[in-house]
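*Asks:* Structure provided below as structure tokens; questions to follow.
The values are calculated or read from the model by the stated rules, or taken from the named source; none is laboratory data. What you see is a predicted model; the values in this text were computed from it and never measured. Ideal geometry is used to build each Cβ from the backbone, glycine not excepted, and the neighbour counts take in all protein chains shown.
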């Protein structure tokens, strides 16, 4: 498998099935939702890597769901491809203006869908997710699942601390609250106390050692950030 998960949001079961087969053949995992409410619950819980979103959904439309996702900091960065039978230019512009990354009109071929999906994922995938990322001699290799330094080689780091570091290194210079870190690193439906974040931050700093622990900065009254600048 590619390791990527795609959420298919369409109220027509036959279309979801057709897309699911194409995704399986291209080695993608997938989730399915028939309406916006079901889709939003899956997005918060599972954090898919991309959303294939039908414009016309029962109840809340796909455009309204896209607008809601892009307004929420926790979901704003998930790429969206709109699927629709609407071919008018104004509709395409509206879909792109609410934050969709691409727009495919029905009917479409499974091969075209997969090709466009791969292109969007390539654009949306930062270093540190599929390729190594390096900051001041600290390197995170997502393929080998290793963290190393120029001077001391590989570091011993726990799985949660690894996920924390990966998130920080791919989202540098931004402050995140404990609640946001729980959502992004542990998952939206994992019920653990916010102070759990503090415990893992301490472990991460210890694993990084004196040379790099300063990169994980405490922002009093708010949370934490990863930064190469002085706090």
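*Asks:* With the requirement that a residue be within 24 Å of the chain's Cα centre (by Cα) and in contact (Cβ under 8 Å) with a residue 60 or more places away in the chain, what does the stretch 183-225 give you?
*Replies:* 183, 184, 187, 188, 189, 215
Yes/no matrix, rows are residues, columns are (1) under 30 Å from residue 40 (Cβ atoms); (2) at pLDDT below 90:
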{"site": "145", "(1), (2)": "no, yes"}
{"site": "157", "(1), (2)": "no, no"}
{"site": "168", "(1), (2)": "yes, no"}
{"site": "179", "(1), (2)": "yes, yes"}
{"site": "185", "(1), (2)": "yes, yes"}
{"site": "193", "(1), (2)": "yes, yes"}
{"site": "218", "(1), (2)": "no, no"}
{"site": "223", "(1), (2)": "yes, no"}
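*Asks:* I need every pair where a residue in the stretch 99-128 that is over 15 Å from residue 49 (Cα atoms) has its Cβ under 7 Å from the Cβ of a residue that is modelled with pLDDT under 85 and surrounded by fewer than 13 Cβ atoms within 10 Å (Cβ to Cβ), sequence separation at least 6 or different chains.
*Replies:* Between residues of the stretch 99-128 that are over 15 Å from residue 49 (Cα atoms) and residues that are modelled with pLDDT under 85 and surrounded by fewer than 13 Cβ atoms within 10 Å (Cβ to Cβ), the close pairs are 105/85; 105/87; 106/85.
*Asks:* Looking only at the stretch 138-163, how many residues end up being touching a strand residue (DSSP E or B) at 6+ places or on another chain (Cβ under 6 Å) and assigned to a strand (DSSP E or B)? Even if it seems obvious, please write down each step before you answer.
*Replies:* Initially, the stretch 138-163 is screened for residues touching a strand residue (DSSP E or B) at 6+ places or on another chain (Cβ under 6 Å), giving 138-140, 146-149, 154-155, 157.
Among the residues that remain, those that are also assigned to a strand (DSSP E or B) are: 138-140, 146-149, 154.
Going through the stretch 138-163 one residue at a time, the tally reaches 8.
*Asks:* While we're on this one: Filtering the stretch 152-163 down to residues that are in contact (Cβ under 8 Å) with a residue 40 or more places away in the chain and either under 14 Å from the mean Cα position of the chain (by Cα) or more than 24 Å from residue 230 (Cβ to Cβ) (or both), which residue is surrounded by the most Cβ atoms within 10 Å (Cβ to Cβ)?
*Replies:* The qualifying residue surrounded by the most Cβ atoms within 10 Å (Cβ to Cβ) is 157.
*Asks:* Kindly evaluate residue 166 against the criterion of being out of contact with any helix residue (DSSP H, G or I) (no Cβ under 6 Å at 6 or more places or on another chain), in contact (Cβ under 8 Å) with a residue 60 or more places away in the chain and either part of a helix (DSSP H, G or I) or buried (at least 18 other Cβ atoms within 10 Å of the Cβ) (or both). If you could, list the steps in order and put the result at the bottom.
*Replies:* On the way: out of contact with any helix residue (DSSP H, G or I) (no Cβ under 6 Å at 6 or more places or on another chain): yes; in contact (Cβ under 8 Å) with a residue 60 or more places away in the chain: no; either part of a helix (DSSP H, G or I) or buried (at least 18 other Cβ atoms within 10 Å of the Cβ) (or both): yes.
Taking the combined requirement at face value, the residue does not satisfy it.
*Asks:* Another question, then. I'd like the residue in the stretch 104-137 that is touching a helix residue (DSSP H, G or I) at 6+ places or on another chain (Cβ under 7 Å) and either modelled with pLDDT of 85 or more or part of a helix (DSSP H, G or I) (or both) and, out of all such residues, is surrounded by the most Cβ atoms within 10 Å (Cβ to Cβ).
*Replies:* 113
*Asks:* Another question, if that's okay. List every residue pair whose Cβ atoms sit under 6 Å apart, with the two residues 6 or more apart in sequence or on different chains, where the first one lies in the stretch 56-85 and is exposed (fewer than 15 other Cβ atoms within 10 Å of the Cβ) and the second, anywhere, is modelled with pLDDT of 90 or more and not in a helix (DSSP H, G or I).
*Replies:* 58/11; 58/35; 59/35
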